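Colleague: If you scroll down you'll find the structure; I have some questions about it.
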Amino acid sequence: MRIATTTFQNDAVSQMDALQAAMGRTQQDLSTGQKVRSAADNPTGMAQVNQMNVQISASTQYVTNSNTAQTNLQLEGQALTDASNVMQSVNSLAIEANNTAMTAAQRQNIASALQQDLQALTSIANRTDSAGNYLFGGYASGTQPFTQSGNTISYSGSNAVIQVQISENQSLSTGDTGATAFMNIPSGNGTFVTAAAATNTGTASISPGTMTDPSQWVPDTYTIQFTDPTDYQVTDSSGTVISSGKYATGDAIAFNGAQVPVNGTPAAGDQFTVSSPAGTTSAFAAISNMIGALNSTTLNNGQLTTAINNALQQVNNSITNFSNVSASVGARLNAITTAQSSAKTNQTNLQINISSITDTDYAAATAQLSTEELALQAAMQSYASMANLSLFQFIK
């Protein structure tokens, strides 16, 4: 078979060009540190890299979301702690005021201190984040959630909160509404509320009471009426007598699985009510009701003590609610910490996988470059040697 000189030359040049191109790619791998720079370099590998970059981008957004949620929840947690401290102050003042030996002027001084606590609690409930968004406004974070008119605090915020995604399969609330934290707090003992009739003339007072056997309880409005200072009867809303007995100060009157302590000496005809369901009230109302009771000039000692007892119960309910919401905040902060740690680990693993596809193996690339250089030198030498071969060189 005869090979033309031009064919030999073209084949040799093509081989050397290929070797030079391979050396160029290897040199570029070494200089850039990247062995895959486009889909042409490794189509399958680049597809995998693109997918992993999408995952890293999503994970980065999750971390950003969780950082925002973490900041808001930390601010909320501090606000709830401060609110609880205010209610502890209110509790101390209420206990101090629950003394029949106090004068009207002394009670009014305590009421003035409670006014300051009410304003402090309202201020806490209207706190904002660094961007001016109200912590307890829910979706309506741009509108002040609580407004005060006299001793009445009203809520105009949203009843829904913003949810953010902190991982592929997890989202959580970035805060709590003012309704959840401050407004929707169980009244009384959570089952029923007690009250003294406005017409009572004796010194007896009633406490919030407790449930001893919830299975026996029938929600209704019950009336405890004293026929004389030592005899009582309990009737339901239809007037049916369901219990009666003798009374001595400090006794707990029991009926339908409930127990309500009464203290002091009732007058004949004095009445107390036990109403169920208890419903809800607010932390603000607990303070406002106490202020109203301490400033009242018409309540007798029994009625005043009853009002303070109920307010104290509501204060404790508020503190419990703040504690429950704080526990929820803490759980979400823990979830965020876990999600952030998982996201960082995932991002690191994805970066390692990307590097294994795209990064240059310097040892292997250096060895490959040496091999390519030797191959090119050999090809050039072979070409030069064969190019000198010609029939004319042997003709004398």
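The values are calculated or read from the model by the stated rules, or taken from the named source; none is laboratory data. Being a predicted model, the structure only gives us computed values, none of them experimental. Please note: Cβ atoms are built from the backbone with ideal geometry, for glycine as well, and neighbour counts cover all protein chains shown.
Colleague: Only residues that are within 28 Å of residue 292 (Cβ to Cβ) and β-branched (Val, Ile, Thr): list them for the stretch 113-151, please.
Modeller: 122, 124, 147
Colleague: Can I ask one more? Counting just the residues of the stretch 211-222 that are assigned to a strand (DSSP E or B) and not polar (S, T, N, Q), which one comes out nearest to residue 257 (Cα to Cα)?
Modeller: Residue satisfying both the conditions and the ranking: 211.
Colleague: Here is a list: 225, 233. Which entry is closer than 24 Å to residue 313 by Cα and either in contact with a Leu (Cβ under 9 Å, 6 or more places away or on another chain) or assigned to a strand (DSSP E or B) (or both)?
Modeller: 225
Colleague: Another question, then. Could you tell me which of the residues 177, 64, 103 is more than 21 Å from residue 334 (Cβ to Cβ), without any contact (Cβ under 8 Å) to a residue 24 or more places away in the chain and polar (S, T, N, Q)?
Modeller: None of the other options fit; the residue is 103.
Colleague: Scan the stretch 74-96 and give yes if some residue there is within 22 Å of residue 324 (Cα to Cα) and touching a strand residue (DSSP E or B) at 6+ places or on another chain (Cβ under 9 Å), otherwise no.
Modeller: Looking through the stretch 74-96, at least one residue is within 22 Å of residue 324 (Cα to Cα) and touching a strand residue (DSSP E or B) at 6+ places or on another chain (Cβ under 9 Å).
Colleague: Looking only at the stretch 354-363, which residues are surrounded by 14 or more Cβ atoms within 10 Å (Cβ to Cβ), over 15 Å from residue 57 (Cα atoms) and either at pLDDT 75 or above or not hydroxyl-bearing (Ser, Thr, Tyr) (or both)?
Modeller: If the condition is that a residue be surrounded by 14 or more Cβ atoms within 10 Å (Cβ to Cβ), over 15 Å from residue 57 (Cα atoms) and either at pLDDT 75 or above or not hydroxyl-bearing (Ser, Thr, Tyr) (or both), then 357, 359 are the ones that fit.
Colleague: While we're looking at this one, here's another question. Select from the stretch 97-107 the residues that are surrounded by 13 or more Cβ atoms within 10 Å (Cβ to Cβ) and either polar (S, T, N, Q) or touching a strand residue (DSSP E or B) at 6+ places or on another chain (Cβ under 9 Å) (or both) and list them in ascending order.
Modeller: 98, 106
Colleague: Quick one: in the stretch 182-222, which of the residues that are of a type in the set (Ser, Thr, Tyr) and within 22 Å of residue 293 (Cα to Cα) is farthest from the chain's Cα centre (by Cα)?
Modeller: 201
Colleague: Okay, next question. Name every residue in the stretch 301-344 that is more than 20 Å from residue 162 (Cβ to Cβ), among the polar types (S, T, N, Q) and surrounded by 18 or more Cβ atoms within 10 Å (Cβ to Cβ), in order of residue number.
Modeller: Selection gives 303, 305, 306, 309, 310, 313, 314, 317, 318, 321.
Results for (1) of a type in the set (Val, Ile, Thr); (2) touching a helix residue (DSSP H, G or I) at 6+ places or on another chain (Cβ under 7 Å), shown as yes or no for each residue.
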{"site": "181", "(1), (2)": "no, yes"}
{"site": "186", "(1), (2)": "no, yes"}
{"site": "210", "(1), (2)": "yes, no"}
{"site": "214", "(1), (2)": "no, no"}
{"site": "228", "(1), (2)": "no, no"}
{"site": "255", "(1), (2)": "no, no"}
